[in-house]
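Here, each number is a calculation from the coordinates, and none is a lab measurement. Every value quoted in this text rests on a predicted model; they were computed, and no experiment measured them. Positions of Cβ are backbone-derived with ideal geometry, glycine not excepted, and every protein chain shown enters the neighbour counts.
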Amino acid sequence: MESKIILYIAQSIDGYIAKPDGSLDWLEQHPNPDKLDYGYYSFYNSIGTTIMGNSTYQEVLGFGVDWPYPDCKNYVVSKNPQLKIKTPNTYLLNDLSHATIKKIKAESKKDVWLIGGGKLIKSFLDLTAIDEMIITTIPVLLGDGIPLFERGFKPQNFNLKHTQSFSNGVTNNHYEK
């Protein structure tokens, strides 16, 4: 069975994935008294490969924790061929094409997590390369920031596979082609 490219990401009600400066602190500020993981660990266990943009990579490195994806093959997409990769099992990807994506999917023993950010998501949409999306909506309005979907990508249809809501107002919507 071929691996799927799955966008798994959180957004605000108004559709932002980060504040204008790229920060994600708003995700930790939402009350979570029951210490819910919103399905993250189950999802993570289904993943064999991650793909992220350089801005997302730098943000993860700035969390001040151990590399959170040690069990995965990781790709950082960047046009900078001199980008220094500082984490284990992580590779620089300068070419994003149908052939590259097909090769990554074929080599992954599990599904592929498209982590973000916005420009990379648009690139995958332009290539119609996203098979599923799990969008976690945090009930907060940011008012401005980096949008989940940049304008101008190729239109495509998805079907709602599953919706899950949590006691603190967070929802997951799982879409598939």
In range of the label at Lys119: residues from segment 19-51 whose backbone nitrogen is under 11 Å from the point 7 Å along Cα→Cβ:
none
Stokes-Einstein translational diffusion, the chain - Kirkwood Rh over all Cα pairs, 0.692 mPa s, 37 °C, in µm²/s:
195 µm²/s
Given the chain, what percent of its DSSP beta bridges are antiparallel, to the nearest 5?
35 percent
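Going by how many other beta carbons lie within 10 Å of each one, how would you line up Trp113, Trp67, fewest first?
On the way: Trp113 26, Trp67 15.
The most exposed by this proxy come first: Trp67, Trp113.
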For Ser12, Ser42, ascending order of other Cβ atoms within 10 Å (fewest first) is Ser42, Ser12
Straight-line reach from Lys161: which lysines have a Cα under 19 Å away, not including same-chain ones fewer than 8 places off?
Lys4, Lys177
Overall Cα dimensions of segment 70-155 - principal axes, largest extent first, Å
36, 29, 26
Can you say what percent of the DSSP beta bridges in segment 72-177, counting only those with both residues inside, are antiparallel? Round to 5.
75 percent
Be a star and scan segment 116-134 for residues whose amide nitrogen sits under 20 Å from the point 7 Å along the Cα-to-Cβ vector of Arg151.
118-127
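For each of Phe149, Phe124, Phe166, Phe63, count neighbouring Cβ atoms within 10 Å of the residue's Cβ, then give the residues from fewest to most.
Numbers: Phe149 13, Phe124 19, Phe166 16, Phe63 10.
So the ranking, lowest neighbour count to highest, is Phe63, Phe149, Phe166, Phe124.
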How many nm is it between the label spots at Ser46 and Asp34, if each spot is 7 Å from the Cα in line with the beta carbon?
2.0 nm
Which log10 I(q)/I(0) values does segment 1-77 give at q = 0.11, 0.14, 0.25 Å⁻¹ under the Debye formula, counting every alpha carbon as one identical point scatterer?
-0.34, -0.57, -1.60
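Rounded to the nearest 5, what % of DSSP beta bridges with both residues in segment 8-106 are antiparallel?
0 percent
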Taking the Cβ of Phe149 as the centre, find all other residues whose Cβ is under 13 Å away and add up their charges (Lys, Arg: +1; Asp, Glu: -1).
+1
